[in-house]
Amino acid sequence: MNLFSALREAFPEDMDSTAIETDNGLNYSWRDLDRATAMLANLLAALDLPHGARIAVQVEKSVEAVMLYLATLRAGYVFLPLNTAYQSAEIEYFIGNAEPSVVVCSGKNFGWVSKLAFKAGTQHVFTLNEDRTGSLLERAAHCSDQHQAVAKADDDLAAILYTSGTTGRSKGAMLTHGNLLSNARVLKDYWGWKKGDVLIHALPIFHVHGLFVALHGALINGSKMIWLSRFDPALVLKKMPQATVFMGVPTLYVRLLAEPGLNRESTRNMRLFVAGSAPLLLETFNEWKARTGHTILERYGMSETVMLTSNPYDPALGERRGGTVGFPLPGVSLRVQDEAGQSLPVGEIGAIQVKGPNVFKGYWRMPEKTREEFSADGYFKTGDVGKIDERGYVSIVGRSKDLIISGGYNVYPAEIEGYINELPGVAESALVGVFHPDFGEVGVAVVIPKPGVKLDGDGIVAELKSKLANFKIPKRCFTVGELPRNTMGKVQKNLLREQYKDLFAKS
Ligand code: MLC
Ligand code: AMP
């Protein structure tokens, strides 16, 4: 079934009631969503795009951007969201790799984005701005507001999400209508979504958490959203009395805890707080409970799989245990294996592998890479390391992939090291993740200059800022004479992590 059709079926009877209320005082009704997505879908249909065409989108968060996403599904094309922080080299790669037929960007970026897009063979580049201006809406305004959603099978592609890799370039995870819809339905039930729920949407909409978990959650329940164009802890707090559900990466919880007004009274109307995308510190979990009386529900997922596990909402299934990511969701099969491919008993630490209707179809145009990441019996190798306790709770204890998760965004050291190594005077570099009280983890670069060259760490950071998305920029950069190595000559990143572990520690 087309995911859009399933979401559309959940719209409430009263189509004139508010679907989305924005932080700049606009109210969008369910009818507005229906009509505008029809107009945009008709615009896409009129472009005569090839079957399976990709619609790549790098725009600021707005309700119209959501409409574009829904219209892409409705018209039967494939949505490719791109983080607004990505710079030109990053965008050039995604556009070159995905070969989208349509690119939608902010008006301020039209010059450089359209140049890259046309070079890659894209036929149509539109603009869409936060203030509802731009050529996309201008063109759609002439289209009919009636549109029959294109029929889609469960296995048909709905979206491609790029995730970086430990080696080589980013890979596009291909998610189908069936992947996304099955997950949305499971979560609606598992998290007890009910009539009258209102979601505060404060996450970016180019990754799984904001685009799928939060957005689909509200839509498939016909629930209103309070829409924040960017996360602002004071505003979230102000909106809580009118809401019931909030979702965030751990950094959002840390920042909300810094608000003196966060207490039992201000969160009285709330039913559910969901955290994920990065490890939630036990300290944050406990402090939240003490301040608000609410127990955060932590869940675990990935771009390749949408949601995999969740702490229970229903107390009859068990308590929400801090430091764990709960149980495999209904329909998800999760196992922990050793290096020899044997499943491990309760409590033993190993590689987490998963299977289920939510698991993606493979990496875009990378059949080899896809094969490598699946076991012979069809389990996806997550790259996360964990264990399952005697009651079935899953804990993530580490990662076999060299990955830093900073404020909920993934940073792959290999990519950043590649950029640093290309800078003049750099012989070699290593990027490691260290504890950070706000972002959870941040990257610290350690650089060896070429013989006779004097390099300045701050200068390297400044150079990187013009080349890479802001969240990938190392928070500090040190120049050293040599890197610690093992007998094989491999850099011992664990020793570097140990050396810099207190760099940002709370005093
Ligand atoms: C911003 N900066 C970051 C950063 N975000 N640095 C490291 N990590 C981040 N995540 C940089 C800024 O460029 C700035 O640099 C400095 O840090 C301070 O920025 P800020 O003003 O504090 O940042 P802000 O704009 O408030 O953004 C922080 C944030 C944002 C936490 C609100 O990062 C965010 O929305 N994160 C959510 C990510 C998310 O949705 N992840 C879900 C992935 S899905 P300078 O040099 O300019 O000062 C997934 C699957 C799953 O993982 O399971 O859900
Ligand atoms: P992404 O590729 O952005 O989808 O990131 C997925 C990765 O985020 C997972 O493989 C995990 O390493 C991590 N992750 C997601 N949720 C959690 C969580 N609750 N606790 C720890 N790590 C998590």
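Per residue, how much accessible surface does the range 178-229 expose to a 1.4 Å probe? Answer in Å², no decimals. List each step's numbers first, then the result.
Details: 1290 Å² over 52 residues.
That works out to 25 Å² for each residue.
Given G457, I296, N2, which one lies farthest toward the positive end of the charge dipole of the chain, if we put +1 on the Cβ of every Lys and Arg and -1 on the Cβ of every Asp and Glu?
Toward the positive end, the furthest listed residue is G457.
Summarise the accessible area of the range 276-347 (1.4 Å probe, protein heavy atoms) by the percent that is carbon and sulfur. Write down the numbers at each step before the final one.
On the way: 1590 of 3020 Å².
Solvent-exposed carbon and sulfur of the range 276-347 make up 53 percent of the total.
Between Q148 and L495, what length in nm is gained on full extension when 0.36 nm per residue of separation is reduced by their alpha carbon distance?
Details: separation 347, 0.36 × 347 = 124.92 nm, distance 5.86 nm.
That works out to 119.1 nm of additional length.
With each run of n ≥ 4 DSSP H residues scored as -39500 (n - 2.57), what mean residue ellipticity at 222 nm is computed for the chain after dividing by its residue count and rounding to the nearest 500 deg cm²/dmol? Display every interim value, and only then the final one.
Details: 15 runs with 139 residues, N = 507.
Rounded to the nearest 500, it is -8000 deg cm²/dmol.
With all protein chains present and a 1.4 Å probe, how do K501, K238 order by accessible area, largest first? Please report the intermediate quantities before stating the final value.
Numbers: K501 90, K238 135 Å².
Putting K501, K238 in descending order of accessible area: K238, K501.
Considering the dipole of the chain built from charges on the beta carbon (Lys and Arg +1, Asp and Glu -1) around the Cα centre, which of N42, L116, L308 is farthest to its positive end?
L308
Taking the Cα centre of the range 403-500 as the origin, how large is its charge dipole in debye, to the nearest 20, when only Lys and Arg (+1) and Asp and Glu (-1) carry charge on their Cβ atoms?
Numbers: 11 positive and 11 negative charges, 18 e Å.
I would put it at about 80 debye.
Nearest 20 debye, what's the magnitude of the dipole of the chain about its Cα centre given +1 on Lys and Arg Cβ and -1 on Asp and Glu Cβ? Don't skip to the answer; put the middle values down first.
Working: 55 positive and 55 negative charges, 66 e Å.
Computed about the Cα centre, the dipole is about 320 debye.
Explain nothing, just the number: relative contact order of the chain, from Cα pairs under 8 Å at least 6 residues apart, as a whole percent. Don't skip to the answer; put the middle values down first.
Numbers: 1062 pairs, mean separation 58.8, N = 507.
Relative contact order, the chain: 12 percent.
Give me the accessible area of E373, 1.4 Å probe, in Å² rounded to the nearest 10.
So the heavy atoms of E373 present about 40 Å² to solvent.
In terms of solvent-accessible area of protein heavy atoms at a 1.4 angstrom probe, what is the ranking of D32, D155, highest value first?
Details: D32 55, D155 90 Å².
Output order, biggest surface exposure first: D155, D32.
Count neighbours as other Cβ atoms within 10 Å of each site's Cβ, and list the trypsin sites (Lys or Arg not before Pro) in the range 1-99 that are DSSP loop with at most 14 such neighbours.
none
Would you kindly give the portion of the calculated P(r) for the range 50-144 that falls above 21 Å, as a percent of all Cα pairs?
Working: 1057 of 4465 pairs.
Across the range 50-144, Cα pairs with separations above 21 Å total 24 percent.
In the range 116-229, what percent of the accessible surface is made up of carbon and sulfur (1.4 Å probe, ligands and nucleic acids excluded)? Walk me through the numbers on the way to the answer.
On the way: 2150 of 4340 Å².
Solvent-exposed carbon and sulfur of the range 116-229 make up 50 percent of the total.
How many percent of the accessible area of the range 403-500 is carbon or sulfur, using a 1.4 Å probe? Working shown, then result.
On the way: 2400 of 4670 Å².
Ligands and nucleic acids excluded, carbon and sulfur reach 51 percent.
Roughly how much of Y86 is accessible, in Å² to the nearest 10, using a 1.4 Å probe?
Per-residue accessible area (Y86): approximately 30 Å².
Excluding ligands and nucleic acids, what accessible area in Å² is computed for V332 using a 1.4 Å probe, to the nearest 10?
20
Counting only residues 5 or more places away or on other chains, whose amide H sits under 5 Å from the amide H of G383 once H atoms are built in the peptide plane?
Placed amide hydrogens put I352 under 5 Å from G383.
Toward the positive end of the charge dipole of the chain, about the Cα centre and with charges on Cβ (Lys, Arg +1; Asp, Glu -1), which of P250, F435, L157 goes farthest?
F435
Taking loop as defined by DSSP and a crowding limit of 15 other beta carbons within 10 Å, which trypsin sites (Lys or Arg not before Pro) in the range 123-153 fit? Write out the running numbers ahead of the final one.
Details: sites: R132, R139, K152; in loops: R132, K152.
Sites meeting the loop and neighbour criteria: R132.
Which whole-number value in Å² is the accessible area per residue of the range 19-156, probe 1.4 Å? Walk me through the numbers before you get to the answer.
On the way: 5450 Å² over 138 residues.
In whole numbers, the range 19-156 has 39 Å² accessible per residue.
Which whole-number percent gives the relative contact order of the range 403-500, counting Cα pairs below 8 Å spaced six or more residues apart? Provide the component values of the computation, followed by the final result.
Numbers: 164 pairs, mean separation 25.0, N = 98.
Normalised by residue count, the contact order of the range 403-500 is 25 percent.
In debye, nearest 20, what is the charge dipole magnitude of the range 88-201 about its Cα centre with +1 on Lys and Arg Cβ and -1 on Asp and Glu Cβ, if you could check?
Details: 12 positive and 12 negative charges, 25 e Å.
Approximately 120 debye in magnitude.
Over the range 403-500, with the other protein chains present, what is the accessible area per residue in square angstrom, probe 1.4 angstrom?
On a per-residue basis, the range 403-500 sits at 48 Å².
The values are calculated or read from the model by the stated rules, or taken from the named source; none is laboratory data. The shown structure was predicted, so the numbers you read here are calculated from the model rather than taken from an experiment. Glycine also receives a Cβ, built like all others from the backbone with ideal geometry; neighbour counts cover every protein chain displayed. Just the protein is used for accessible areas: all its heavy atoms, side chains included, with ligands, DNA and RNA removed. Shrake-Rupley method; radii C 1.70, N 1.55, O 1.52, S 1.80 Å.
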